[in-house]
Amino acid sequence: MIKKERFLIHAVILAVAGFVSRALGLLYAVPLYHIIGEEGNGYYGTAYEIYNMLLLITAYSMPMAISKIMSVYVAEKDYVNCKRLFRTCLFYVIVVGGIGAVVTYIFADSFVIAPAALSLRVMAPTIFFSGLLSVLRGYTQAHNTMVPTALSQIVEQIFNAICSIIFAYVLVGYATDNKTVNLPPTAYGAMGSALGTLIGVLVALTFMIIYIMLTRKSRKMLYQKNTSPYVVDSRNKPKEPEPYFTLFRVIFVYASPIILTSFLYNLCTTLDMKIFWDWALNNGYSQETAARVFGIFSRQYLVLINVPITIASAISSSMVPGLSVAFSSEDMTEVKFRISKAVRTVVLFAVPSVVGLSVLAKPIMQL
């Protein structure tokens, strides 16, 4: 019963952290809107769609994949394979995230229009650092604690909000006073907001590194019951550590479905962006007008409806480690309990959100 209560506590922790992060995002969007306007929001939103798509491919699946695989090793007190899996995941995101960052930076002008390319190039290194951050979050979640992930999300959003406002204000002023600038000042303001996103990720990454270093000794205590360096199988023979190639293949197998489903889910928004810009510019609308319209869609509508989605994602992430252990031990009663509780908790948030956003759409957007 204690384990079941802990599962609900972890779900609530991540859900609250997700809600607080999104609430902070909504709050700082107000002063940012007055600095860069709907046009700047349109440039930032355009760049963010490409950034988010590449982030899904390179880093999004890592926390769930590593927590699912490693939680079984943690339950078996298999310290050796935990370390090997951790190194494999780091190598994976360094390679894939590095390629994604380089491609984004080099081909930014091909992905989006020139004013949005400024923001996209700033977001390029964020893809790489987000990959590293996702591995560290998955590593702590595999050890059945959601607190570091929750705190890092809040810290990330706080620094993102503060730095986005400051850099947007400074760069808009710079572009307004500098007559040699050939792009609208709002494009530089959007780039300042992108800088805030990068700094937020760097601060969260630093937070996770410090946490993992400070808790290293206490985490090692989980594995001290082993008398041999490797876990013992059913025939009382020490298990050999998994080859790195096998671990990489397992990561790829578990990460691929998450990447595919997330990619297809978000592909619609990216296609909307590309279709909208092509249609608007080919039908006589100015770049500034198109940017303002897309800014309303991407930075007001999408940000708001993603609040309940974030809560649901947090709850699903919190159930992965315990669910993996229950599956590996063939405890189907525990599996059914966790799935049932997760679905009920998501519905508890989702239904009021649907009703509230439907009935109160106009006053909420005006606010």
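The values are calculated or read from the model by the stated rules, or taken from the named source; none is laboratory data. On a predicted model such as this, the values are computed, not experimentally measured, just so you know. As a convention, Cβ positions derive from the backbone with ideal geometry for all residues, glycine included, and neighbour counts pool all protein chains shown. Heads up: the accessible areas ignore ligands, DNA and RNA and are worked out on the full protein's heavy atoms, side chains in. Shrake-Rupley method; radii C 1.70, N 1.55, O 1.52, S 1.80 Å.
Take each of the peptides 137-145, 95-103, 70-78, average the number of other beta-carbon atoms within 10 Å over its residues, and list them starting from the highest. Spell out each step's value before the answer.
Details: 137-145: 22.4, 95-103: 17.8, 70-78: 20.2.
The packing order, highest mean first, is 137-145, 70-78, 95-103.
Counting only protein heavy atoms, what percent of the accessible surface of the chain is carbon or sulfur at a 1.4 Å probe?
Carbon plus sulfur share of accessible area: 69 percent.
Classify segment 261-367 as rounded, prolate or oblate from the Cα gyration tensor: take a ≥ b ≥ c as the square roots of its eigenvalues, call it rounded if a/c is under 1.5, otherwise prolate when a/b beats b/c and oblate if not.
Verdict is oblate for segment 261-367.
Compute the acute angle (0 to 90°) between the alpha-carbon long axis of helix 147-177 and the principal axis of greatest extent of the alpha-carbon atoms of the chain; round to the nearest 10°.
Taking the Cα atoms of the chain, the angle to 147-177 is about 20 degrees.
Take every Cα pair under 8 Å in segment 80-178 that's 6+ residues apart, average their separations, divide by the length, and report that relative contact order as a whole percent.
Relative contact order for segment 80-178 comes out at 25 percent.
Expressed as an acute angle from 0 to 90° and rounded to the nearest 10, what is the orientation of the C-alpha long axis of helix 79-106 relative to the principal long axis of the chain?
It is inclined by approximately 20 degrees.
Report relative contact order for segment 1-138 in percent, whole number only (criteria: Cα-Cα under 8 Å, sequence separation at least 6). Please report the intermediate quantities before stating the final value.
On the way: 103 pairs, mean separation 46.7, N = 138.
With pairs under 8 Å counted, the relative contact order is 34 percent.
Tell me whether the chain comes out rounded, prolate or oblate; compute the Cα gyration tensor, take square roots of the eigenvalues as a ≥ b ≥ c, and use a/c under 1.5 as the rounded threshold.
prolate
In terms of Cα to Cα distance under 17 Å, which aspartates and glutamates are near enough to Lys77, apart from those fewer than 8 places away along the same chain?
Asp233, Glu240, Glu242
Summing -39500 (n - 2.57) over the DSSP H runs of n ≥ 4 in the chain and dividing by its residue number, what mean residue ellipticity at 222 nm do you reach, to the nearest 500 deg cm²/dmol?
-29000 deg cm²/dmol
If you average the sequence gap of Cα pairs under 8 Å that are 6 or more apart and divide by the length of the chain, what percent do you get for the contact order?
Normalised by residue count, the contact order of the chain is 31 percent.
With everything on Cα atoms, drop me the angle between helix 244-282 and the longest principal axis of the chain, reported from 0 to 90° to the nearest 10.
Taking the Cα atoms of the chain, the angle to 244-282 is about 20 degrees.
Identify which of Ala150, Ala17, Ala175 has the largest mean-square fluctuation in a Gaussian network model of the chain, with springs joining Cα atoms closer than 10 Å.
Of the options given, Ala175 has the highest mean-square fluctuation.
Residues of the chain: accessible area per residue at 1.4 Å, in Å²?
50 Å²
Provide the solvent-accessible area of Lys220, counting protein heavy atoms only and rolling a 1.4 Å probe, rounded to the nearest 10 Å².
80 Å²
Placing +1 at every Lys and Arg Cβ and -1 at every Asp and Glu Cβ, with all other atoms neutral, what dipole size does segment 22-115 have around its Cα centre, in debye to the nearest 20?
In total the dipole reaches around 620 debye.
Is the shape of segment 121-172 rounded, prolate or oblate, going by the alpha carbon gyration tensor and its root eigenvalues a ≥ b ≥ c, with a/c under 1.5 for rounded and a/b larger than b/c for prolate? Show your work: numbers first, answer last.
Values: a/c = 7.15, a/b = 1.88, b/c = 3.81.
Oblate, because a/c is 1.5 or more while a/b does not exceed b/c.
Pull out the extension gain between Met213 and Val147, defined as 0.36 nm times the separation in residues minus the alpha carbon to alpha carbon distance; nm, one decimal.
22.2 nm
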